[in-house]
Amino acid sequence: MKSKFKFWPKFFLLMCLFLGVLIVTYVLIYFDRFFAYGKPLHFLSFPYIIFNCIIFSLIGHQLNYKAHKINITGDTITRVRRFGFGLKEVYKINELTGFLTYSISGKKNANEYLYLIAGDEKVAKLSTYYHQNYQELKTLMAQHQIQNLGNERWTLWKHLSKRTI
C-alpha cells in the first residue's frame, strides 16, 4: 500500500515552488537594479532576500522532515523523503522496533503523527495532516505486527530532540 498526500499540502508545495520561481525570475530580470555599480541598493532588497531565504528554508524543512512517501509491500517498508522526490530507503519490517504516535491538538483540529522507529532512531513519519490514507497505513502496520510503542502528547522538546528524522 502506498501513502497518498492530501490536497492542501500539495497545493502549499506548488504555491511555494511557484513563488520561488517567480522570486528568482524577478531577481534575474532586475539584477542590474539590485547590484548596479554606483547606485545605492534599493532599501527593500535586503529584507526581500532575507524573507525569501526564510521561506525557502521552511519549505525545505517541511519537504525533508515531514512529507514522506511510504510504501508497504510484503516484508519491507520503503520511505522516500521530500514528497516522494528524495532518495529511497528500504527497511525490513522485522528490523523495526515499532511505531510511536504523537497527538497534537489545536483550537480547530487535532492531528496525529506516527513515527516508525528502528533501533533508537525515528526513520519515517506519517501524519493525518499530510497523508490521506493515514488510518489505513496505521492499520496495515498493526496487521504486519509492528509493535505499537504507545501514544504520547506532543511537546516542543520532544520534537527538537536528537532522535528526529
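The values are calculated or read from the model by the stated rules, or taken from the named source; none is laboratory data. All values derive from a computational prediction rather than experimental measurement. As a convention, Cβ positions derive from the backbone with ideal geometry for all residues, glycine included, and neighbour counts pool all protein chains shown. Protein only, heavy atoms only, side chains kept; ligands, DNA and RNA dropped before computing areas. Shrake-Rupley method; radii C 1.70, N 1.55, O 1.52, S 1.80 Å.
For Gly86, the residues whose amide H sits under 5 Å from its own are Arg81, ignoring neighbours fewer than 5 places away on the same chain, with H placed 1.01 Å from N. Taking all protein chains in place and a 1.4 Å probe, what share, in percent, of the accessible surface of the chain do carbon and sulfur account for? Result for the chain: 64 percent of the exposed heavy-atom area is carbon or sulfur. Counting only the Cα atoms, the range 70-165 fills a convex hull of 105 Å³ per residue. The listed residues Cys16, Cys53, once ranked by accessible area (1.4 Å probe) with the largest placed first, stand as Cys53, Cys16.
Just to be sure I understand: if I project the alpha-carbon convex hull of the chain onto a plane and average over all orientations, what area do I get in nm²?
Numbers: hull surface 48.7 nm².
For the Cα atoms of the chain, the hull's average projected area reads 12.2 nm².
Charges were assigned to the Cβ only: +1 to each Lys and Arg, -1 to each Asp and Glu. The resulting dipole of the range 70-165 about its Cα centre is roughly 440 debye. Placing unit charges on each Cβ (+1 for Lys and Arg, -1 for Asp and Glu) gives the range 93-160 a dipole about its Cα centre, and among Thr128, Met141, Ser105 the Cα reaching farthest toward its positive end belongs to Ser105.
In sequence order, the range 66-77 has phi-based couplings of 10, 9, 9, 8, 10, 10, 9, 9, x, 10, 10, 10 Hz under the Karplus curve 6.51 cos²θ - 1.76 cosθ + 1.60, θ = phi - 60°, and Gly or Pro positions carry x.
About the Cα centre of the chain, how large is the charge dipole given +1 on each Lys and Arg Cβ and -1 on each Asp and Glu Cβ? Please answer in debye to the nearest 20.
On the way: 22 positive and 9 negative charges, 58 e Å.
For the chain, the charge dipole is close to 280 debye.
DSSP beta bridges in the range 39-150, what fraction antiparallel, as a percent rounded to 5? Before the final figure, lay out each step's value.
Details: 24 of 25 bridges.
Approximately 95 percent, going by the DSSP bridge assignments.
With protein chains left intact and a 1.4 Å probe, residues in the chain average 67 Å² of accessible area per residue.
Which helices, counted as full DSSP H runs in the chain, have an axial Cα extent of no less than 24 Å and a Kyte-Doolittle average of 0.0 or above? Before the final figure, lay out the partial values.
Numbers: long enough: 7-29 (33 Å, 2.23); 45-65 (30 Å, 1.00).
Helices passing the filter in the chain: 7-29, 45-65.
Rank by packing, highest mean first: peptides 106-115, 131-140, with packing defined as the count of other Cβ atoms within 10 Å averaged across residues. The partial results should precede the final answer.
Working: 106-115: 12.9, 131-140: 16.7.
Result, highest mean first: 131-140, 106-115.
Run the helix sum for the chain: -39,500 (n - 2.57) per DSSP H stretch of 4+ residues, divided by residue count, reported at 222 nm to the nearest 500 deg cm²/dmol. Could you put the intermediate results ahead of the total?
On the way: 6 runs with 66 residues, N = 165.
Value at 222 nm, helices only: -12000 deg cm²/dmol.
Counting 0.36 nm for each residue step from Asn109 to Ile55 and taking away their Cα separation leaves a gain of 17.0 nm.
Counting Cα-Cα pairs of the range 88-131 in 10 Å increments starting at 0 gives whole-percent bin shares of 26, 47, 21, 6.
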